[in-house]
């Protein structure tokens, strides 16, 4: 039975500017070469709820229509005269429709009826009319490439005389079917086929382990009335739990490493244990020995936690969401942000307050003009979609996006990398308990909170653990609903402070199977009653309910005595809570549907039964040499080109579409200065309005250097993140006894498939060797600076395969760092502050142009990769902290892409100052002095009255370069010759008008008709 | 007056951040009464339950609504606290369900954010809820707000809150019967933007919020901030009565329609409106995001130029104004203001 379907259409009144229509017409012409003529955009709402004609009309005119802007049409598809074609964009069944739900909310208010907002009664769509008569194929193309995504949208197109409507009709009837899957007695070939057909992403050895387990417990299962073969749900749970995404099998593998050049061999007994966990334990030991006991929780929860002060904890997590972003960039990115936000929210007991987001994105060249592979999205489209996803995910969550980075490299054209970071603050005590602890006892109830379950996101965990190809599944795509999550977040904050929740975890990859599977390890088992799980629509099988990754959900452990109060609070705050079972201590994960067993799994086997991988790595130094470049380079021109290059140019058009100051606590934003165009190093955010304590946030990522040496790439990325924080005034940790100066680092490895296969992955050993070297550098860096890792993630299969071609990302690691700032008022921004301040270079420059942006201009890689000299770097950073205490530094900008020349130019962008600079004489070439990307260096300015103290303090580590000038002219001399002479306004113009701002477009008022 | 410094000195240890809320009461038939929670600092609630009944209070009382996607309530509360008022953050449902009465407060505040996701147009669903959703007594919150304003009290909306007041018809409310007369729609640039702008206060404005302020710098952070005024008459009346209380200006301080100084292409270059009484005030930019000097993008250079520069941000003046105004009203009032008891 269903009620009659009614339609409400909103059209702009004649004379109102149709910005959306105009943008579509322009984009169709620019990107697709399609001439649409004028485009009229209209909104449709299909109402499947019994309303009278009068109610429908009044609802439309009073609630949906903006009387100033809109006309309303009921039960018709109205358009202005002169249009010939139409495109209808609807959503596929189960796809998040926040607009429809909002309309439904409004209908409930309007009718004053308690209209259940969790079942969809109103469906939103867009209906476009095109002036020109376009063939079906062109309309489809326009729809699929500009207006929507066929993974999530249903399109109807054609001539305007034949408008077809579409409203999602979810499948009917519950499907409480649990099948068994024949496993016992299968051959190796059959096991592999089974894994591939069902997207288990398990290899032969793992499939064998499952088969052997079931063979060994056959009698036991029979006695318990269970089938001998596993159920579909059991295999799905095992596949999710054992996925690379959840289990990090390659980071736990035994690796046999060989250096082909020296013949040296050694074994790594788990990368994670050797280079990450043990390294952090050693750092923690040194910290504690020196009275610094702020490291509270590392690696064992959704996010790491460090202590800010006796009252509060800082919680920090960065994750990637790469595979989904390759298929549906918008949905992938928004889900990535919301999912990552759930990690700090569900750390310990739960209910942290989110403080900021930071995002690092890696894309292919958005100006790519070649032929795309099957199902490969154009890098520009991925870029725009991800950007929009972050805008909606961050802004609508009320979390400021305080900084980030965008890295371009053609090898990200298959799979982009989308790193999402979230910082949060949590009280040390919640309702009298240690907030960071997770405790569960048998009989505690399992509560699912937040969104409902649909087929969206089934197989996300396994899907992200395999390489993408042209047949990648649509069900792996999800779209986050920021508003649903915001409600759940507000609820968690209150419920945890009232002591109603014992602990919480988020439902991310693997859905309930992962979240309950993990929580159940605390008590030692769980019983889940799947028939109680609220669904978006009927038609899901039990196993689908259990592994679905539908978003915005948390699993909570609740004491039975607190349940009523919790449910009442949920009702008050309009967050759906469902009691779906209880924890046990019998060692089994027991999943049921209407009392029938769906899965009955031994927890020990589930979590410990995965066979360990043994992998091979072989390293040889890549052949590389320094190029011979023309000797008569015009350095002013080179600098200008560098500033306009893809990896250096301004990201302002992206940054300004992110809210970077909601909450009112952002002190150093991504762009500062009177112009609002001076790029900064680290962001600084204060914790609250009562003290001046804050946190600095930075990101280090340098994939280019990995082509020369992955060790130095990783060390350099770590140093880059450290020096950005030092640049804004952060101090290294553990410099004095009990200084309480916390640092918290997330490491995120994103590498191509690094498992050797003679046919499929012939250079797998070399790739794995790069990963080993990246990890070695990480260990050395943490030890050198005494900076601990608190959480991290690895993404191991970043390859895109189609039409027989494979695009693999370069081995990439991102270090996302946070450090305590004692007083945000004493932080330092990068832009020059006053004329006649003296300009210094801090740190040593080497002939290290290898992998530089400078060489990139000439399509050269070079050989001399920049290396981090940890001891010297640490000494310099320590001196800088002391200098800042004395207020000696007026501006400070770290040197990275483009070297000294670019840093000098950027420092002038804040106000229109210039600089007059003389490069020191010596052996180092002008080119190297200007453009070498040697690490651990800064450009700093000093007030004239502080020069003596400054030079005394830094000694030989500071090189006096010149002074800030009021004339807006950047002049660099060397040996009496002027090597760079440019107007800083012109340089800023080059930088601002670079490819990123051109592609995303500058904001400007559109011409109204 | 012995005033506490607003920003404790470095040498003063930070106050403990109490981060608890009062218990909810569940009565016999299972319905829960969620007591309100008071903001004692930015986003941290005390365990002190709300007063159920009106009592004369020393401090000016600001009520700040949150929930359903509103997200600027913490800095809003901080603003009032710095201005010397007491700020209480409550979930919208606490007001809608009658657990908290707006009449116990002096200033009702609608913060920024994305109420209900803003998917139908900014502020639409929330405005709709206030207009149509009836409580057990058959009253809508709009009924209460009209009474609140009639009692001489104040309503302020920032960004999404401004959008709500406009969609609700409380601004500019020329007719007096609370029907939408203007609207706020997509920026002329077609995009959401976060950038700092300069505002000029209309010297003719009668609103106590703006008294003594000439110009201010504040960030805008919106995608739908373009004010559109329907009809020449409405436009003329708004201008004549100086309800267009804030204008976007260029660097010289002249109102401008040039992007990006005017970030959205608003009619009359208008960034904020009041109603005819001046008691209801809304604006697109975020004064609550400029409470301290260190929010400004150019703070470091300005501080270098003038080491004695005030550590207060421009936005705080607005809140000081209204708090002082309410205080002065109280002093001049012979009898305490009549407080409407929320009848049951």
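Nothing in this text is a laboratory measurement; each read-out follows from the coordinates by a stated rule. Bear in mind the structure is a predicted one, so any value in this text is a computation, not a measurement. FYI the Cβ positions are ideal-geometry reconstructions off the backbone, even for glycines, and counts take in every protein chain you see.
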Mean other chain Cβ within 10 Å across B:257-269 is 2
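How much FRET efficiency would the formula 1/(1 + (r/R0)^6) give for residue A:167 and residue A:54, where r is the Cβ-Cβ distance and R0 is 30 Å, rounded to 0.05? Numbers along the way, then the final one.
Working: r = 23 Å, r/R0 = 0.76.
Computed FRET efficiency for residue A:167 and residue A:54 comes out at 0.85.
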Dividing the mean separation of Cα pairs under 8 Å (6+ apart) by the residue count of chain A yields a relative contact order in percent of 12 percent
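Report the calculated FRET efficiency for residue A:602 and residue A:374 (r = Cβ-Cβ distance, R0 = 56 Å), to the nearest 0.05. Before the final figure, lay out the partial values.
Values: r = 42 Å, r/R0 = 0.76.
It comes out at approximately 0.85.
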Nearest 10, in degrees from 0 to 90: the angle of helix A:204-216 to the longest Cα principal axis of chain A is 40 degrees
For the stretch B:48-203, the Cα-Cα pair-distance distribution in 5 Å bins from 0, as whole percents, is 2, 8, 17, 22, 22, 16, 9, 4, 1, 0
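How do the peptides A:397-406, A:240-249 rank, highest first, by the average count of neighbouring beta carbon atoms within 10 Å per residue?
On the way: A:397-406: 26.7, A:240-249: 23.0.
Ranking the peptides A:397-406, A:240-249 by packing returns A:397-406, A:240-249.
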Computed over chain A: longest principal axis from alpha-carbon atoms vs helix A:870-885 long axis, angle to nearest 10 degrees, is 90 degrees
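Just checking the output field for A:302-309: average partner chain Cβ neighbours within 10 Å of each residue's Cβ? Intermediate values should be presented prior to the final figure.
On the way: counts 0, 0, 0, 0, 0, 0, 2, 4.
If you average over the peptide's residues, the count of other-chain Cβ atoms is 1.
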Normalised per residue, the volume inside the convex hull of the alpha-carbon atoms of the stretch A:6-162 in Å³ amounts to 111 Å³
Among the stretch A:216-246, those whose backbone N falls under 19 Å of a label point 7 Å along Cα→Cβ from residue A:176 are A:226-227, A:231-234
Between residue A:212 and residue A:559, Cβ-based FRET efficiency (R0 35 Å, step 0.05) works out to 0.30
Computed on Cα atoms, the radius of gyration and Dmax of the protein assembly as shown in angstrom are 30.6, 95
Distance in Å, no decimals, from the C-alpha centre of the stretch A:950-969 to the one of the stretch A:354-384 is 40 Å
For chain A, the longest principal axis of the Cα atoms and the Cα long axis of helix A:563-572 enclose an angle in degrees, to the nearest 10, of 80 degrees
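Using Cα pairs under 8 angstrom and six or more residues apart, how large is the relative contact order of the stretch A:6-162, in percent?
Working: 261 pairs, mean separation 51.5, N = 157.
33 percent.
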Restricted to the protein assembly as shown, the DSSP antiparallel beta bridge percent, nearest 5, is 80 percent
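Let me check I have the definition right: for the stretch B:137-196, take the eigenvalues of the Cα gyration tensor, multiply each by 5, take square roots. What are those semi-axes in whole Å, largest first? Walk me through the intermediate numbers first.
Numbers: eigenvalues 142, 32, 23 Å².
Equivalent-ellipsoid dimensions as semi-axes: 27, 13, 11 Å.
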For A:971-980, A:683-692, A:924-933, A:529-538, ranked highest to lowest by mean beta-carbon neighbours within 10 Å, the order is A:683-692, A:924-933, A:529-538, A:971-980
One point scatterer per Cα, no solvent, Debye formula: log10 I(q)/I(0) for the stretch A:563-712 at q = 0.16 Å⁻¹ comes out as -1.06
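Applying a 10 Å radius around every beta-carbon, put A:141-148, B:168-175 in order of their mean neighbour count, most first.
Working: A:141-148: 19.5, B:168-175: 22.4.
Result, highest mean first: B:168-175, A:141-148.
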For the stretch B:211-327, the convex hull over Cα atoms projects on average to an area in nm² of 8.4 nm²
The stretch B:57-331: relative contact order from alpha carbon pairs under 8 Å, six or more residues apart, as a whole percent, is 18 percent
Rounded to the nearest whole number, the Stokes-Einstein translational diffusion coefficient of the stretch A:959-1009 at 25 °C and 0.890 mPa s (Kirkwood radius, C-alpha pairs) in µm²/s is 175 µm²/s
Percent of all alpha-carbon pairs of the stretch B:57-331 at distances over 31 Å, whole number, is 20 percent
Counting only DSSP beta bridges fully inside the stretch B:57-331, the antiparallel percentage to nearest 5 is 60 percent
Rounded to the nearest Å, the spacing of the alpha-carbon centers of the stretch A:207-233 and the stretch B:93-108 is 60 Å
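Which whole number gives the average count of other chain Cβ atoms within 10 Å of the Cβ atoms across peptide B:178-186? Don't skip to the answer; put the middle values down first.
Working: counts 0, 1, 4, 2, 1, 5, 2, 7, 5.
Rounded to a whole number, the mean comes out at 3.
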From the Cα centre of the stretch A:740-810 to that of the stretch A:274-329, the distance in Å is 18 Å
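Using just the helices of chain A, give the 222 nm mean residue ellipticity in deg cm²/dmol: DSSP H runs with n ≥ 4 each add -39,500 (n - 2.57), and the total is spread over all residues, rounded to 500.
Working: 30 runs with 306 residues, N = 1009.
Only helices count here, giving -9000 deg cm²/dmol.
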